[in-house]
Amino acid sequence: MDEADGLQRVVSAARNRDRDAIAHLFDLYYDAVYRYAYARLGRVADAEDATAETFAAMVQSLPRFQWRGVPFEAWLFRIAMSKVVDVARHRTRVRSGGDSVADDTAGGAADPAHVVAVREVRRELVVAVEDLPADQRDVVMLRFFGGRSIRETAELLGRSEGAIKQLQFRALTGLRRRTRR
């Protein structure tokens, strides 16, 4: 049994509400989803919230998941993207119209102007990544937010390593153009 067959069996069991299979998927993907959420949101509590919501939505959506050429991990990361956006919107509403620099500079550890500048760059990058074509966005998410190698990304997306390198190059070139000031 190869790795893809094993994953299909675990997903199939999880679709049938097998707790061990769901726990296995959680263990398998938690770190990558958390890293992605943290990279997007920049705060531990928000990343934890988005990650928890991602896995809750995964469990709820699993009965509708079908193998249609989209790797399970890419499907899961699309859920994560949605939950990150939800958490970011909620955070903005809770803070009444904007981020509180004080939240990120507790104890005077960071210059508020620097925190605001970093937030702005992060926001621009997130918008730029979301505007990429779907295949380029999937590569960026898996490679940089998911921490996957080129080979792993190629296997997950069913592409050659050369195709992944090309998509990554195009994505990074597009991001550079979009984020230059």
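Suppose every K and R has +1 on its Cβ and every D and E has -1 on its Cβ; what is the size of the dipole of the chain about the Cα centre, in Debye to the nearest 20?
On the way: 30 positive and 26 negative charges, 154 e Å.
Here the size comes out at about 740 debye.
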Check your understanding: For the chain, modelled as a GNM with alpha-carbon contacts under 10 angstrom, which of 142, 62, 28 fluctuates the most?
Key -> 28
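Which value in Å is the Kirkwood Rh of the range 1-98 over different Cα pairs? Intermediate results must be reported in sequence, preceding the final value.
Working: mean 1/r = 0.0709 Å⁻¹.
Computed over Cα pairs of the range 1-98, the Kirkwood hydrodynamic radius comes out at 14.1 Å.
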Check your understanding: Per 10 Å bin, what is the whole-percent P(r) computed from every C-alpha pair distance within the chain?
Key -> 9, 33, 34, 18, 6, 0
Review point. Ranked highest first by average number of other Cβ atoms within 10 Å, how do 11-23, 35-47, 126-138 line up?
Key: 35-47, 126-138, 11-23
Check your understanding: Which whole-Hz couplings ³J(HN,Hα) result when phi for each residue of the range 161-170 is put into the Karplus expression 6.51 cos²θ - 1.76 cosθ + 1.60, θ = phi - 60°, listed in order with x for Gly and Pro?
Key -> 4, x, 5, 5, 4, 5, 4, 5, 4, 4
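Every read-out reported here was derived from the displayed coordinates using simple, explicitly stated rules and does not represent laboratory data. Bear in mind that the values here come from a model prediction, so they are computed numbers and not experimental data. Every residue, glycine as well, gets a Cβ built from its backbone with ideal geometry; the counts of neighbours run over all protein chains shown.
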